[in-house]
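Shown next, in structure tokens, is the structure this report addresses.
The values are calculated or read from the model by the stated rules, or taken from the named source; none is laboratory data. The structure displayed is predicted, hence computed values, not measured ones. Cβ placement follows ideal geometry from the backbone for every residue including glycine, while neighbour counts extend to all protein chains displayed. Each accessible area value is taken on the protein alone, full model and side chains, heavy atoms only, with ligands, DNA and RNA left out. Shrake-Rupley method; radii C 1.70, N 1.55, O 1.52, S 1.80 Å.
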Amino acid sequence: MSGVSGVRRGAAFMLSALIGTLSVVALVMVVGDGPLVSAPFSLPWWALVPVYVATAHFTIDFEFRREARSLQLGGLPLAIGLAFVSPVGHLVARCTGLFVDSVALRRQPLMKIAFNVSGGAVEVAATTIALHELGSESQPGPRLWLALLIGVTVNETVGHLTLSLIMRIIGVPVSMQQLWTPLLFTALTAPLFVSLGIVAVAALWTEPLTGFILALLTAGLIWAYRGHRRQSAQQQRISDLYEFVKNLGPLDENDPAALETLQQVRVLLHAKMLDLALTTDDARVRHLVVTDGEEQVPDEEFSEVALTGSSSTPQRSTDRMSTPLVGHTRMIGVLTAQDRLGAVRDFDLGDVRLLETVATELSMALERGRLLADLGRAATTDPLTNLPNLTEVSRRIDAFLASGAGAIVTAVAVDSFREVNDTLGHEVGDDLLLEVTRRLRLSNPTAILGRIGGGRFAVCVPADSFGGDAAMFGLGIRAQVEGGAQLGPVGTHVRLSVGCVIAPEHGTEAATLIRRAETAMYSARHAHGGPVTWEPAYEVQGQRRLAVVMALREALSSGAIGVAFQPKFHTHTMQITGVEALARWTHPALGAIRPDEFIPLAEASGLMGPLTSSVLRQALTACKGWQRRGGRIGVAVNVSAHTVLDPGFVTEVAALLTSTNTAPDLLTLELTEGVLVEDPKLAAERMAEIRALGVKLSVDDFGTGYSSLTYLKGLPMDEVKIDKGFVDDIVDDSGDRSVVRAVVDIAHTLGLRVVAEGVEQEEQHRVLRDLGVDEVQGYLHARPMAALDMAQWLRRREHAALEA
């Protein structure tokens, strides 16, 4: 790229040199070196050089069409040279003055020097040839005036055309507006400065000494104008800055209004282009660029170098200036102004100070804008998943329904979230939600998706999706989201419960639809994950569940949950081998609430831990009471998988055994077989810790879940309880008898006792005894009873045994 740029710049230099050479040749061949005006005296060419240098260097600045422009009083020495210096000498003086100004004073590059010198040659040659063709004069007159006007006009026209061609050669696009605006400006100002030149020639023609007075007058006027101009510009700059700061509010870089604000800054700084380079959260650089309407290419490398540098001070060069935007804690960007509007003057220290002031205000405005944007996102966006929250997803669903279209809305619960969160930590729980979010997005890229709380999501699609079958849509979600998930070094399984509603059949507002979808979702938890489509009956059930959960929370706080005890018997001797503690609850308003109703709700609402603690404490207290009366009867307590995997549960059991002074071997913890498949490795660790206390372990309701006898191998278990479902038809169903026989044989091989629960008939007891079952439990032999009733029942059995 640098080689191509060098070739283009070389071509531009050669074009300028060619134009200048052609101008010199044309002047010599057409005019020669003879005088064209019969002046009363002549001037040496070198006397004109300082005048040309002064008029080139000291300019007159003013506004034209809201752009800053600079004028040179080159018309004065041009007219003097045409009248009092030989043509060739005039050409040499003009080119020498421009060369000295470009090299010694402005230190411009070679291509710019060549362009300026060739422009001076064109101007002198065009003016001299025009006067030659119009005819010589004995004194200053209309021919001289016309020649000067032609020369200035030709010079400006050729100069701008040449500049446009050079810009195209070096790869900078030039619009028609950029070409015609300077020509229009020349057409308006050329007659004025030609007139000044004619006045100067007339004064010198009459009295040469007036040249000194004229020079002093011109210098004084220029000095006075420039001073006035600086003062006016300073006042205008302060006024514009005040208005800008007064109207500047919080600035959101993502709002189109940000570009309008930057346009105001560009106009304030009189820059052709303004580049605001901002650092993003992912360590990238974002550029906001505004121009004066022309196509401009920002120097992104310049801005990014400034961003990565350690300097906090502004930088200035001939064609650009930049300053960092520093926030409260870090640099947030770099503001760069490039190419000052105007023909001559570059950016000065006053421009840099203005840039610093504007950058300070922009920094504060951007930080306020980012703060407001963050607050807006926080109000509508879930911070973990970056999904719309409940408020925002409801708004989007309402907006979709407002179009008159039907919709399927599903509530999706990640059933494994609570277990992962509590057993593996919140960080892994968050990773699980992020993975579910990713899968939900992939499953339905165009759906309205949001996180509505905890491990729950809402998904909305048009009603014609999946043929309008909400259940089919819910099955599709489960099929694409459920399954194994590797969360860093941890492996887990995603399980969902899905509830569905259809709009407008089930509601016309997002709040109603989401609430009913969640009601169906909670029902799906008891239907192997669903999907379950909402029905009006669920509304009553949902209200009942809510009432039960609220009452349960209060009952646990007040100690209103009671415990009943059901004895277990040896199959052959009918001796009592222990009792099972069963939670019982009667509410003043809701009445007696069955365990199969409030225990699942306790698990779903996070109350299983307090409930287990309450039952365990009452069971151990009762056991200790029976022990004091001479009865060594063990007690079994049901414990959920969630509770067993809790790292604090073992410590709690040890503390309760100590506080009640109960022998550990009198306590048996009955674990649901779900704990064996939820996390077998962690379950084995927890069970080993429990056995280390001296507590016994039993697998409850064996055969109803996903486990098998292979899970029992190597685990520190003491007994297996056969579920009531295998006992009910065991008399008539050979399949049930075969299953029980297999369980008994393998359990005995592993050294485990086998207990059958739900025995209600004598014939069932006989079959179980013949199959080798060790213990039985059920209404046939004893119903659950309160602790005091249990103590009395035990005494009656003891008395009966003694009398017998």
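How big is the accessible area of S605 in square angstrom, nearest 10, if you roll a 1.4 angstrom probe over the protein chains?
Counting only protein heavy atoms, the figure is 40 Å².
Each label point is 7 Å from the Cα along the Cα-to-Cβ direction; what then is the distance between the points at H528 and H287, in nm?
6.0 nm
Can you work out the PRE-style zone for R438? Point 7 Å along Cα to Cβ, and I want the residues of segment 401-424 with backbone N under 19 Å.
Correct set: 414-417, 420-421.
Would you mind calculating the gained length between L788 and D398 on full extension (0.36 nm times residue separation, minus the Cα-Cα distance), in nm to one decimal?
Net length gain for the segment: 134.5 nm.
Using the Kirkwood radius over C-alpha pairs as Rh, can you work out the diffusion coefficient of segment 604-702 via Stokes-Einstein at 25 °C, viscosity 0.890 mPa s, in µm² per second? Before the final figure, lay out each step's value.
Working: Rh = 13.7 Å.
Approximately 179 µm²/s, per Stokes-Einstein.
Give me the base-10 log of I(q)/I(0) for segment 382-491 at each q in 0.15, 0.18, 0.19 Å⁻¹, Debye formula, one uniform scatterer per Cα, rounded to two decimals.
-0.64, -0.89, -0.97
Once amide H atoms are placed 1.01 Å from N in the peptide plane, what residues at a sequence separation of 5 or more from E580, or on another chain, have their amide H within under 5 Å of its amide H?
Residues meeting the criterion, in which the H sits 1.01 Å from N, are Q566, K568, A636.
Find how many whole Å separate the alpha carbon centroid of segment 79-132 from the alpha carbon centroid of segment 614-628.
114 Å
Between S557 and L375, 0.36 nm times their residue separation minus their Cα-Cα distance comes to what?
Details: separation 182, 0.36 × 182 = 65.52 nm, distance 3.79 nm.
So the chain would gain 61.7 nm between S557 and L375.
When ranked by the protection proxy of mean other Cβ atoms within 10 Å per residue, highest first, what sequence do the peptides 386-398, 118-130, 369-381 form?
On the way: 386-398: 18.2, 118-130: 25.4, 369-381: 13.8.
Top to bottom by mean Cβ count within 10 Å: 118-130, 386-398, 369-381.
Just to be sure I understand the model, the point goes 7 Å from the Cα along the line to the Cβ. What's the resulting R795 to E652 distance in nm?
Taking the two extended label points, one gets 3.4 nm.
Between W223 and M472, 0.36 nm times their residue separation minus their Cα-Cα distance comes to what?
Working: separation 249, 0.36 × 249 = 89.64 nm, distance 8.64 nm.
Result for the pair: 81.0 nm of gain on full extension.
For E762 and L590, FRET efficiency with R0 = 41 Å and r from the beta-carbon atoms, rounded to 0.05?
Once the sixth-power term is evaluated, E becomes 0.65.
Would you check the accessible area of I80, probe 1.4 Å, heavy atoms only, in square angstrom rounded to 10?
20 Å²
Could you rank the peptides 93-104, 248-259, 587-598 by their average count of other C-beta atoms within 10 Å per residue, with the highest value first?
Going from most to least packed, we get 93-104, 248-259, 587-598.
I need the calculated FRET efficiency for the pair V490 and T360, taking r as the beta carbon distance and R₀ as 45 Å, to the nearest 0.05.
The formula returns an efficiency of 0.40 here.
If eta is 1.567 mPa s and T is 4 °C, what Stokes-Einstein diffusion coefficient results for segment 544-667, Kirkwood Rh from Cα pairs, in µm²/s?
Once the numbers are plugged in, D ends up at 84 µm²/s.
If you take the Cα atoms of segment 454-590, find Rg, then find the Kirkwood Rh from the mean of 1/r over all pairs, what is Rg/Rh? Before the final figure, lay out the partial values.
Numbers: Rg = 21.2 Å, Rh = 18.5 Å.
Ratio of gyration radius to Kirkwood radius for segment 454-590: 1.15.
What ranking of F212, F649 comes out by heavy-atom accessible area, probe 1.4 Å, highest first?
Largest to smallest exposure gives the sequence F212, F649.
So if we plug the beta-carbon distance of T329 and A202 into 1/(1 + (r/R0)^6) with R0 = 60 Å, what FRET efficiency do we get, rounded to 0.05?
Efficiency at R0 = 60 Å is approximately 0.30.
Ranked by accessible surface with a 1.4 Å probe, highest first, in what order do W793, W223 come?
Working: W793 40, W223 185 Å².
Ranked from most to least accessible, the order is W223, W793.
Provide T206, T385, T492, T357 ordered by accessible surface of protein heavy atoms (probe 1.4 Å), highest first.
My answer, sorted largest first, is T206, T357, T492, T385.
If you place +1 on the Cβ of every Lys and Arg and -1 on the Cβ of every Asp and Glu, how big does the dipole about the Cα centre of segment 502-571 come out, in debye to the nearest 20?
Dipole size: approximately 360 debye.
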